[in-house]
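Q: Sharing a structure here in structure tokens format.
The numbers here are math on the coordinates, done by the rules we state, and not lab data. As the structure is a computational prediction, the values presented were derived from the model and not from experiment. Note that we place each Cβ from the backbone using ideal geometry, even for glycine, and neighbour counts take in every protein chain shown.
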Amino acid sequence: MQIRTADAGDYPGIRDLLNAAFGQPDEAKIVEALREDDADSLELVAEDHGDIVGTVMFSPASVGHASGETLNGLGLGPVAVIPKHQGKGIGEALIKAGLEHFEPYPVAFFCVLGEPEYYRRFGFTAAIERDWMWEADDGSVPEMRQAFQIIIPRAIPPGKGIVRYHPAFDG
């Protein structure tokens with residue numbers, strides 16, 4: 001298996017993979033909207049014998065911080081692996097490769113909405129522990145407070161924060 005940057009020739013296979021992994025077209029539509037808006041900060045694929053078996057995308061996110069600053073970070077997602085290849089570490093390898101790619105850059109934070117047990121292995125913690133929230137969280141789904149997670153790789157002063165994903169996620 002090889003992990004590499006996605007190119008335009010991969011897009012149909014990525015769409016098919018996302019539809020198969022999620023069982024509906026919403027994630028593929030988000031990915032296509034991010035590409036159209038040139039907001040695909042990094043898109044990686046896992047290729048096995050010429051077939052795309054996994055993908056991950058990182059896209060711009062921001063946080064309105066209590067300090068009055070707007071901090072720029074990246075949202076992780078979607079991440080997907082073809083169902084018959086799940087459980088083999090492909091998603092983990094894609095996420096690690098993406099996070100490592102950004103190590104030399106001044107990314108203020110990474111955020112993800114996902115299973116806390118899974119994302120903890122990469123260093124994610126519940127954003128609410130930092131007094132940060134996702135702007136779409138209206139409090140009606142308590143589990144979301146634990147599922148919305150962040151990594152802050154550089155020193156940021158404490159304070160409330162409201163995280164916004166790229167508008168492609170609004171639909």
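Q: Has the range 36-59 got at least one residue that is over 27 Å from G123 (Cβ atoms) and assigned to a helix (DSSP H, G or I)?
A: Looking for residues that are over 27 Å from G123 (Cβ atoms) and assigned to a helix (DSSP H, G or I), one finds at least one in the range 36-59, hence yes.
Q: Collect the residues in the range 44-72 that are in contact (Cβ under 8 Å) with a residue 40 or more places away in the chain and of a type outside the set (A, V, I, L, M, F, W, C), keeping them in residue-number order. First the steps, then the outcome.
A: Keep residues of the range 44-72 that are in contact (Cβ under 8 Å) with a residue 40 or more places away in the chain, which gives 44-48, 52-56, 58-67, 71.
Within the range 44-72, E47, D48, G54, T55, S59, P60, S62, G64, H65, S67 meet the criteria.
Q: Among the candidates A108, A61, single out the residue that is farther than 24 Å from P142 by Cα and small (G, A, S).
A: Of the residues listed, the single one that is farther than 24 Å from P142 by Cα and small (G, A, S) is A108.
Q: If a residue has to be out of contact with any helix residue (DSSP H, G or I) (no Cβ under 9 Å at 6 or more places or on another chain) and either hydroxyl-bearing (S, T, Y) or under 17 Å from A80 (Cα atoms) (or both) to count, how many in the range 116-140 make the cut?
A: 2
Q: Right, something else. Mind checking which residues of the range 4-52 are buried (at least 17 other Cβ atoms within 10 Å of the Cβ) and of a type in the set (V, I, T)?
A: Residues satisfying the conditions are I14, I30, V31, V45, I52.
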